[in-house]
Amino acid sequence: MTALSLAMILAESARRHPDTVAVVDGDIRVTYAELWLEARCYAAGLRELGIGPGDHVALLAPNVVDFPRVYYGVLAAGAVLVPVHLLLTPDEAAHVLSDSGAKLLVCHTSQLAMGAAAADRAGVPVATVGRAAGGGTDDTRLEDVSGSLPALPSYVTRSAEDVAVVLYTSGTTGVPKGAQLTHLNLVLNATVNVFDANDSRTDDVVLGCLPLFHSFGQTVAMNGTFRIGATLVLLARFTGPEAVDLMLREDVTVFHGVPTMYVALLAAARDRPVLPRLRLCVSGGASLPVAVLERFEAAFGTTVYEGYGLSETSPTATTNQPYFGTRPGSVGHPVWGVEVEIARADLDDRVELVPTGELGEIVIRGHNVFAGYLGRPEATAEALIDGWFRSGDLGRKDADGFVTIVDRKKDLIIRGGFNVYPREVEEALARHPAVGQVAVIGVPHPLHGEEVCAVVVPDPAATDVPGEQDLVDWAREHLGRHKYPRQVRYVDALPVGPSHKVLKRELRRTVVASGTD
């Protein structure tokens, strides 16, 4: 057995950078030595509560310092961490608890209303962390259990191929499935992100605004920051103005975000005499419109490195990297030790790679590919074919090795027999000066099968917002006849999920329910 634990990321930085501040949470500042001690104390408490190596422990907590305390405490105890999305309903969270076989839910007191209801339905005991406000007197408090025990001297030995974290997919293609990520998957992905893909530095100050329960925030922000011994500044609830204020106050130099966050920061940057001096910006989670990237780089005087990955790939698979140069509109090159190729999308039973430049399904293999879906061998067999993980995303790889995402296979719009890729339409509309955000969806049409519909949030700074038909006419001038949207809907905001990605399925349901032209 090759011994390896994701807990080593924190343990080693506590050894190398004991006095460096690991986490800033409001007025709280915790050094690496302190955080590792607190995690080992929690590990002792978890052991007292009956948690042993290989047991599954669910965690429901926002971006506060208790998240990494519990995260690494669970890992130090040799258990498997199951993060729970904060915005789930009690029934949805109960599914995660039941499906994962969680033996315990560690719930931050701020989330206890939902967490307690979910745990009750799943028959899972609860231990709370955080301030007592909101919790009852009968709660089992992990701090109290841990406080009377000596901290574990170190982490429990695990194998590199043992599962460390189970991340539940968003369920956009059905019932959420638990993607099993190993210690090797997650240690290497964090390491490759900071030492190979990005120009990360020990003196970085990183804004931790991405949800830590999500793979992007967990691996790239938290684990990556701790791997290199930098400082993570937590923001529990993201808004553009709050993020700018916090970045200025804490001298943040690194920002990781999804496209909706970049849009919000651009809006917040207007009328600001001083903006954060960001040395490194990384975008992922969804395609970043080139127009937004260009505006952000101009406003903040920095370069945005867009990347790509999935929960099943730990998550980073490709990213624009200083070594290879950047190409706006692309997601860069595969990260070190990972292969990313393009395969025929119409073949389900085998992977057949297509020539350079051709459109197909993105397939991935390497140290980042997960160990399969928990308890779902058939779904695993469909996703892992011939040693490759099939992403469900359509893209191209050019002669220089740059990968470009065209769209999700399932988001493809077929209008009158012609394929329309929503991202291409979104890129064009994002260049209109009155468009702040846009999502393009297919809606049912009696003649064409599907019609192209653009749902638009106007730019708040726009002085002249065109009428819906006027924007259709503008799009006709900039897109092919089969591509331009025949329908435009203005809305105040796009629906986003817990990871701040636009929920196109929800958007489609709402638009169809409201009636279409």
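Being hydrophobic (A, V, I, L, M, F, W, C) and more than 25 Å from the chain's Cα centre (by Cα) is a property that does not hold for VAL363.
The single residue among ALA132, ALA230 that is farther than 27 Å from SER100 by Cα, at pLDDT below 95 and touching a Lys or Arg at 6+ places or on another chain (Cβ under 8 Å) turns out to be ALA132. Determine whether LEU232 is aliphatic (A, V, I, L, M), farther than 25 Å from HIS333 by Cα, in contact with a Ser or Thr (Cβ under 8 Å, 6 or more places away or on another chain) and crowded, with 24+ Cβ neighbours inside 10 Å. So LEU232 fits the description; yes. Taken over segment 403-429, the criterion of being part of a loop (DSSP other than H, G, I, E, B) and surrounded by 22 or more Cβ atoms within 10 Å (Cβ to Cβ) is satisfied by no residue. Residues of segment 268-289 that are more than 17 Å from ASN198 (Cβ to Cβ) and crowded, with 17+ Cβ neighbours inside 10 Å: ALA268, ALA269, PRO276, ALA286, SER287, PRO289.
I'm told HIS214 meets every condition in (1) modelled with pLDDT under 95; (2) over 21 Å from VAL74 (Cβ atoms); (3) buried (at least 21 other Cβ atoms within 10 Å of the Cβ) except one. Can you identify the failing condition by its number? Failing condition for HIS214: (2). If I filter segment 469-478 for residues that are on the phi < 0 side of the Ramachandran plot and touching an Asp or Glu at 6+ places or on another chain (Cβ under 9 Å), do I get at least one hit? No, segment 469-478 contains no residue that is on the phi < 0 side of the Ramachandran plot and touching an Asp or Glu at 6+ places or on another chain (Cβ under 9 Å). If only residues of segment 439-477 that are touching a residue at least 40 places away in the same chain (Cβ under 8 Å) and exposed (fewer than 14 other Cβ atoms within 10 Å of the Cβ) are counted, the one that is nearest to ASN419 (Cα to Cα) is PRO444.
The listed residues are SER287, SER330, and the only one of them that is part of a loop (DSSP other than H, G, I, E, B) and at pLDDT 95 or above turns out to be SER330. Within segment 306-327, the set of residues being of a type outside the set (Lys, Arg), out of contact with any helix residue (DSSP H, G or I) (no Cβ under 6 Å at 6 or more places or on another chain) and either surrounded by fewer than 22 Cβ atoms within 10 Å (Cβ to Cβ) or in a helix (DSSP H, G or I) (or both) comprises GLU312, THR313, PRO322, TYR323, PHE324, GLY325, THR326. Counting only helices (runs of 4 or more DSSP H) that sit wholly inside segment 1-104, those with at least 1 residues that are surrounded by fewer than 23 Cβ atoms within 10 Å (Cβ to Cβ) are 8-16, 32-48, 90-100. Restricting attention to segment 38-68, which residues are within 12 Å of ALA151 (Cα to Cα) and either of a type in the set (Asp, Glu) or over 28 Å from the mean Cα position of the chain (by Cα) (or both)? Within segment 38-68, GLU38, CYS41, ALA44, GLY45, ARG47, GLU48 qualify.
So, LEU212, is that one under 17 Å from the mean Cα position of the chain (by Cα) and either farther than 27 Å from ASP393 by Cβ or of a type in the set (Lys, Arg) (or both) or not? It is false that LEU212 is under 17 Å from the mean Cα position of the chain (by Cα) and either farther than 27 Å from ASP393 by Cβ or of a type in the set (Lys, Arg) (or both).
Residues checked against (1) out of contact with any helix residue (DSSP H, G or I) (no Cβ under 8 Å at 6 or more places or on another chain); (2) touching a residue at least 12 places away in the same chain (Cβ under 8 Å); (3) aliphatic (A, V, I, L, M):
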position: VAL187; (1), (2), (3): no, yes, yes
position: ALA197; (1), (2), (3): yes, yes, yes
position: VAL206; (1), (2), (3): no, yes, yes
position: LEU212; (1), (2), (3): no, yes, yes
position: SER215; (1), (2), (3): no, yes, no
position: MET222; (1), (2), (3): no, yes, yes
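Looking across segment 412-430, just one residue is within 10 Å of GLY442 (Cα to Cα) and of a type in the set (D, E, K, R), and that is ARG415. Return yes or no: is ILE342 more than 20 Å from the chain's Cα centre (by Cα) and either modelled with pLDDT of 95 or more or on the phi > 0 side of the Ramachandran plot (or both)? Judged against the criteria, ILE342 is a match.
Residues in segment 195-211 that are assigned to a helix (DSSP H, G or I) and crowded, with 24+ Cβ neighbours inside 10 Å: 1 in all. Of PHE370, PHE296, all but one fail to be within 18 Å of the chain's Cα centre (by Cα) and not in a strand (DSSP E or B); the exception is PHE370. Here ALA434, ALA399, ALA430, ALA371 are screened, and the one residue that is touching an Asp or Glu at 6+ places or on another chain (Cβ under 6 Å), touching a residue at least 12 places away in the same chain (Cβ under 8 Å) and either hydrophobic (A, V, I, L, M, F, W, C) or assigned by TED's automatic domain parsing to the domain that holds TRP474 (or both) is ALA434.
The values are calculated or read from the model by the stated rules, or taken from the named source; none is laboratory data. The structure displayed is predicted, hence computed values, not measured ones. Positions of Cβ are generated from backbone atoms using ideal geometry, with glycine treated the same way; all protein chains shown enter the neighbour counts.
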